[in-house]
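The values are calculated or read from the model by the stated rules, or taken from the named source; none is laboratory data. If you're wondering where the values come from, they're calculated on a predicted model, not measured in any experiment. Note that each Cβ is placed from the backbone with ideal geometry, even for glycine, and that neighbours are counted across all protein chains shown.
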């Protein structure tokens with residue numbers, strides 16, 4: 001969310017806000033754990049209801065459980081909107097949209113009349129699987145992964161564009177070499193074969209028949225093995241960079257100029273200088289206090305009289 005979350009008012013709305021949107025109190029932790037379990041159980045019900053044998057035997061139970069979860073998540077969404085200062089902004093956010101997708105299909109089933117809408121109902125009910133996306137809200141590390149994906153997006157897109165050019169060239173070459181009887185009836189079909197071969201999946205529905213075509217296939221497979229690690233390496237490097245930036249600060253030590261201290265560090269690892277320039281070093285305060293005590297002692301000491 002790109003907007004600050006603030007409670008809509010004092011009293012009950014503030015207490016609900018701390019329970020629903022925070023996680024540093026026992027009540028908030030219990031709420032998060034209960035919500036995660038409810039999401040997992042609801043997704044499990046969706047998965048089991050798609051199995052024909054289970055649907056025939058436990059169809060009524062699945063139907064009741066689905067409505068229970070829908071009512072539960074609907075109440076939770078209402079409470080979220082009730083305790084927020086700006087509920088409409090939350091509905092426009094990623095998690096707000098996911099919340100709506102998670103509950104709307106079941107409610108829309110009631111509004112779709114007639115048997116001719118059964119296909120649409122199935123599509124809407126499948127959307128309930130999006131409830132699992134809500135688990136991202138409870139994973140703090142997801143922010144690092146999203147940040148790394150954003151940073152590496154240009155490199156990954158450039159990489160896939162280069163792969164697409166290679167695949168197209170190999171596909172056009174195989175379309176010229178191989179016959180339509182082997183399955184290479186068009187360049188798009190040859191592109192499908194090239195992608196399957198480069199990823200080393202090898203479905204076997206389209207197979208080259210000539211020796212030259214088989215040789216090109218071997219080259220394409222070996223090329224696939226060599227390039228499959230490129231996007232992984234780019235993404236991993238960005239993840240490491242995000243972790244470092246999240247853990248380390250770019251501010252230099254005022255004493256020695258050393259950088260890359262941990263954000264929670266108070267003293268420089270190299271020279272021991274106090275890093276927070278906006279506040280006074282506690283050691284300095286203690287030294288000043290001791291100096292003041294020493295001066296007071298000297299002042300209060302009896303003066304030697306001249307004899």
* To do: Can you tell me which residue within the stretch 1-15, out of those that are over 21 Å from residue 92 (Cβ atoms) and loosely packed, with under 10 Cβ neighbours inside 10 Å, is modelled with the highest pLDDT?
  => 11
* Asked: Out of all the residues in the stretch 204-216, is one or more at pLDDT below 90 and closer than 30 Å to residue 145 by Cβ?
  -> no
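Can you tell which of 42, 93, 74 is out of contact with any strand residue (DSSP E or B) (no Cβ under 8 Å at 6 or more places or on another chain), surrounded by 13 or more Cβ atoms within 10 Å (Cβ to Cβ) and modelled with pLDDT under 85?
Details: 42 fails: modelled with pLDDT under 85; 74 fails: modelled with pLDDT under 85.
Only one candidate qualifies: 93.
Restricting to the stretch 103-116, what's the tally of residues that are under 27 Å from residue 44 (Cβ atoms) and free of Cβ contacts under 8 Å to residues at least 40 places away in the same chain? Before you say what the answer is, go through the steps one by one.
Of the residues in the stretch 103-116, the ones under 27 Å from residue 44 (Cβ atoms) are 103-112.
Within this subset, residues satisfying the condition of being free of Cβ contacts under 8 Å to residues at least 40 places away in the same chain are 103-105, 107-112.
The qualifying residues number 9.
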* Structure fact -> Checking 37, 16 in turn, the sole residue that is in a helix (DSSP H, G or I), on the phi < 0 side of the Ramachandran plot and in contact (Cβ under 8 Å) with a residue 24 or more places away in the chain turns out to be 16
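Can you go through 163, 129, 156 and tell me which one is at pLDDT below 70 and either under 30 Å from residue 40 (Cα atoms) or more than 15 Å from the chain's Cα centre (by Cα) (or both)? It would help to see each step written out before you state the result.
Numbers: 163 fails: at pLDDT below 70; 156 fails: at pLDDT below 70.
After applying the criteria, what remains is 129.
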* Within the stretch 49-66, can you find the residues that are within 17 Å of residue 102 (Cα to Cα) and surrounded by 15 or more Cβ atoms within 10 Å (Cβ to Cβ)? -> 49, 62, 65, 66
